[in-house]
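What follows draws every value from the coordinates through simple rules; no lab data is involved. Predicted model, so just to flag it, every value in this text is computed and none were measured. In this analysis, Cβ positions are derived from the backbone assuming ideal geometry, glycine residues included, and neighbour counts consider all displayed protein chains.
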Amino acid sequence: MSDAPIGIFDSGMGGLTVLSALMAKLTSESFVYLGDTARLPYGTKSADTVTRYAVQASRALVRRKVKLVVVACNTVSAVALPALAQVLAPMPVVGVIDPGAQAAVAAAGGGMIAVIGTEGTVNGGAYLRAIHARAPDIEVVQLACPLFVPLAEEGLIDGDIAEQVARHYLTPFFVRARPAVLVLGCTHYPVLAPMLETVVARLGHSPVLVDSAATTADAVARLLAERHLACRAPSPAANVFLATDSAERFARVGKLFLGFPPPNVELVELQEG
């Protein structure tokens, strides 16, 4: 089982930022990545719908004989992680919110933490709980930025359109708040980070930007060691990329998130049950 691949899924391509960190950290491992591009974004959908989609995606990865599942989606991590842990038991499941909260607390130095994310992530309050579990006295403010996901998926990561949307969300927010840390609470958001830093700087702020990719990779590495699941030798197996819609577009836009075009993207259909 230790030579089996690691499964990763997201509503679309944002989780490729987590995959990139995993590939850099775990050079002996192989991966199966699934982007549910036919049904994104998850962040505007109900918790029940997100949970149903997440269970379907996870089971599709299990059918690919993975040894653990990484939920590379903040919305799913916020609302569906307990359900996935129950459905997939005893297979380990790792979300991105706890590692992101850990990184935020470490960077904040006791200062205010701001979290931007999808409506599902913000309304679920998972970052608030995870941060306060580590630092009960830290002030946490949250802001939903639902248009950031479609911007990222369309490759509109800079320029006038992206900056206008960012100013729309962030200008009134930063009038009220002066955070030490800005958590990019969606795996799509890191590709927007240079643009967001520019917009925030023009508003007179310079918080540390934190995303959960690197700390999630660290958490997966620890879990592999604890469960004796780490690959015993460098694997020659190619990584597998799955999408539920538009394989060509996934490969083209996925380069923004992964650093290179995901090769040989396979279209799959997710099943109930």
Task: Rg/Rh for the stretch 97-210, where both radii come from Cα atoms and Rh is the Kirkwood radius - done: 0.94
- [ ] Starting with the fewest neighbours, write out Phe260, Phe241, Phe173, Phe148 ranked by other beta-carbon atoms found within 10 Å of each beta-carbon.
- [x] Phe260, Phe173, Phe241, Phe148
Task: Assigned charges on the beta-carbon of Lys, Arg, Asp, Glu; the stretch 97-210 dipole about Cα centre (debye) - done: 380
Task: Neighbourhood net charge (15 Å Cβ-Cβ; Lys/Arg +1, Asp/Glu -1) for Glu272 - done: +1
Task: Magnitude of the charge dipole, the stretch 11-106, Cβ model with Lys/Arg +1 and Asp/Glu -1, debye to 20 - done: 320
Task: Paired Rg and Dmax values of the chain, which use every Cα atom, in angstrom - done: 17.7, 52
Task: Of Ala162, Met23, Gly43, farthest towards positive along the dipole that unit charges on Lys, Arg, Asp, Glu beta carbons give the chain - done: Met23
Task: Helix-only mean residue ellipticity at 222 nm for the chain, each DSSP H run of n ≥ 4 adding -39500 (n - 2.57), per residue, nearest 500 - done: -14000 deg cm²/dmol
Task: Cα-based Kirkwood hydrodynamic radius, the stretch 147-214, one decimal, Å - done: 12.1
Open item on the list: Taking every DSSP beta bridge with both residues inside the chain, roughly what % is antiparallel (nearest 5)?
Closed with: 0
Task: Cα centre as origin, Lys/Arg/Asp/Glu Cβ charges: the stretch 17-70 dipole, Debye - done: 200
